[in-house]
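None of the figures in this text is laboratory data; all of them are computed from the coordinates on show. This structure is a prediction, so every number in the text was calculated from the model and none was measured. A quick note on method: Cβ atoms are made from the backbone with ideal geometry, for glycine too, and the neighbour counts reach across all protein chains shown.
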Amino acid sequence: MTIEWQEQLRPGVALKGIVQQATAALIAMDADRLEELALCCADLNRGLEGSGLDEESARALRSAASDLELLKCILHETRANLAVLSRLHTMRIREALWLGGRTSVESRNPGAEAFSLRNRERTLEYGDN
Amino acid sequence: MGTINAAISLITGALDADQAALDVTSNNVANASNESYTREVPNWSENQPIYINGEAFGTGVTVTGGVSQRDRVLNQRLDQQQQLSASSASLLTALTTLQGSFTPASSSTSTGNIGTDISNFFDSYTQLESDPTSNAERQGVLSAATTLANDISSTAAGLNAQQASLDQSANTVVAQVNALTTALAQVNQQIQSTSPNSDAGVLEDERQSDLSQLSQLIGINQITTEKNGLSVTTTGGQLLASEATSVPITTGEVGGVTHFYLGETDITSALASGGGQLGGILTARDQSIPTTLASLDQLAYGIATNVNTVNNAGTDLDGDNGNAGNIFNAPTQVAGSAAALAVVLTDPNKIAAAGFGKGTGDDTNALAAANLATQNIIGGDTPSNFYSNLVSTLGASVSETTTQNTALTASVTQLQSQVNALSGVNLNDEASNLEQFQRAYQAASQVFSILNTVYASAINMGVETAVS
């Protein structure tokens, strides 16, 4: 998961960018983007382990502190929302399963049902004759 | 069953059901731009089958109106977050205004900059020390003192004016809250009488809209009651509306600011911590501004009393020992010192630059006054550091509230998108539903047409039999 700016910019600046993008992704609850950014962080960590922190990088990292604080707060709020959202997710899955079951027995589409019943009636009428 | 009549009856029901489903979808499309509207889906209900000789025969389908797609738990969570978000937003607005009253000590702007005023005032004593008998230097001290006193007192006046403005805003918000709780009680009554056991559709939308507006204004708890009723309390648990009855918040003045009551109980502090716009306004009015004003009072009191003490300990240009008088008006208490701060000394000769009992050319007392700048005379700090801390504390509060407000706004966005997905009208979905129901209607019509032909054939068969 390589990003152009990740390779070109200094680690501190890259971190600030990642944190800001992660904040936006978290607000939009974009799990795919968050996973991409997590991989970027892993790459960044590997890069830092090798190179060590110089003065400029350390300063840039400190400048990302307020962005990190905001990400932390939004993470906290998102976690608090999760109980409600999980409940909603479960409700939707249950609804989808119920709808799936309903479709399989071909019973709720009024048109299809009418045709089906009509065939039954026709059979019975033929039987009567 | 098993007759053509039964089949015609069944397909007539299907046509009615499709028509009703089309009506529900049409209503959704018509309300697509209505923010408070909750999407409805047709409530399909299979008719009871008939059993003949142990075999079940279906009797068709009925649509019993639309079912609103809402989730009360999700709506309540959104309301809660809106309360917190509205509170932090109004607090942030007030804190930003409050911060604007102070120019940071590091700023290069000199006008209205109390930090610069403090430095200039004590520097003017350093200038006087170099030439204790100079009338120009004495005028310089009085001029710097006047600028400092004016800036402190005008800032205090600004804070008092902001507090009064917030007080007025709080009253306006409470009037809106009372109107909403009255409306809520009326909707409650309608819902309980018309839909005690099911979703009340449009009325429920109206109630949710009232709750949402209320959540913007004040912190509330929602408690569902019997027969689809609802009670609303403040976050402190005081009743605002119970089913068909609302309890208005009343007001009374205490210590120059409005206090709010439910019955006999003063709920002002509970409202401040409760949330909503009102929570933010009251937090700023009762906590942020008084705290800042108290610091400003402490600064004014410290400078005035210490400078006056020094001036009365020396010898003025007229040769008076220990009787030069006050430079600033002498505050009797800390509270109110900033707003009342003024220079009372008009004669520059009465500035005591010389030490007690020393000749008028002496500079000992001017030096003592200049040294106050570096002494921890206000709350354990020098005057400049004390002011600097006041400004930086305020800046930290603004920064913290900004972060909090951004996070809460994000939380509201997350929840609102879920509510929109569940309850909002998606025109693509509705177009798809229209297509589906229209086809179902056409199919039922076709069945009806076929049955009609079969029925006519059956009648003709009877006629032919009779003729032959």
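Computing FRET efficiency as 1/(1 + (r/R0)^6) for B:Ala342 and B:Thr251, where r is the C-beta to C-beta distance and R0 is 41 Å, gives about 0.75. Add +1 for every Lys or Arg and -1 for every Asp or Glu among the other residues with Cβ under 14 Å from the Cβ of B:Ile218, and state the total. Residues near B:Ile218 contribute -2 overall.
Each peptide among A:31-38, B:228-235, B:398-405 gets the average number of other Cβ atoms lying within 10 Å of its residues, and from highest to lowest they stand as B:228-235, B:398-405, A:31-38. Relative to the longest principal axis of the Cα atoms of chain B, helix B:4-30 runs at roughly 20 degrees. If only the Cβ of Lys and Arg carry +1 and only the Cβ of Asp and Glu carry -1, the dipole of segment B:234-356 around its Cα centre is close to 200 debye.
Taking 0.36 nm per residue of separation and subtracting the Cα-Cα distance, full extension of the segment from A:Leu82 to A:Glu35 would add 15.1 nm. Do the sum for chain B: with -39,500 (n - 2.57) for every DSSP H run of n ≥ 4, divided by all residues, what is the mean residue ellipticity at 222 nm, to the nearest 500 deg cm²/dmol? -21000 deg cm²/dmol, from helical runs alone.
What number comes out for the charge environment of B:Glu137, summing +1 per Lys or Arg and -1 per Asp or Glu over other residues with Cβ under 13 Å away?
Values: positive: B:Arg138; negative: B:Asp123, B:Glu129, B:Asp131, B:Asp363.
With Lys, Arg at +1 and Asp, Glu at -1, the net is -3.
Put a plus charge on the Cβ of each Lys and Arg, a minus charge on the Cβ of each Asp and Glu, and nothing anywhere else: the dipole of the protein assembly as shown about its Cα centre is then about 860 debye.
Rounded to the nearest 10 degrees, the inclination of helix B:72-100 to the longest alpha-carbon principal axis of chain B is 20 degrees. Where Lys and Arg each count +1 and Asp and Glu each count -1, what net charge lies around B:Asp316 among other residues with Cβ under 12 Å from its Cβ? Here the count lands on -1. Close amide-amide hydrogen proximity is noted between B:His259 and B:Gly252, B:Glu253, B:Val254, each under 5 Å apart and 5 or more residues distant or on a separate chain (H modeled in the peptide plane; Pro and chain starts excluded).
Given +1 at the Cβ of Lys and Arg, -1 at the Cβ of Asp and Glu and no other charges, the dipole of segment B:76-406 around its Cα centre is 300 debye to the nearest 20.
Using a Förster distance of 51 angstrom, determine the FRET efficiency expected from the C-beta separation of A:Glu69 and B:Gln442, and round it to 0.05.
Values: r = 60 Å, r/R0 = 1.18.
Result of the calculation: an efficiency of 0.25.
A dipole drawn for the protein assembly as shown from +1 and -1 charges on Cβ atoms has a positive end, and of B:Gln168, B:Leu372, B:Ala330 the residue lying farthest that way is B:Gln168. Axis angle, to the nearest 10 degrees, between helix B:427-467 and the longest C-alpha principal axis of chain B: 10 degrees.
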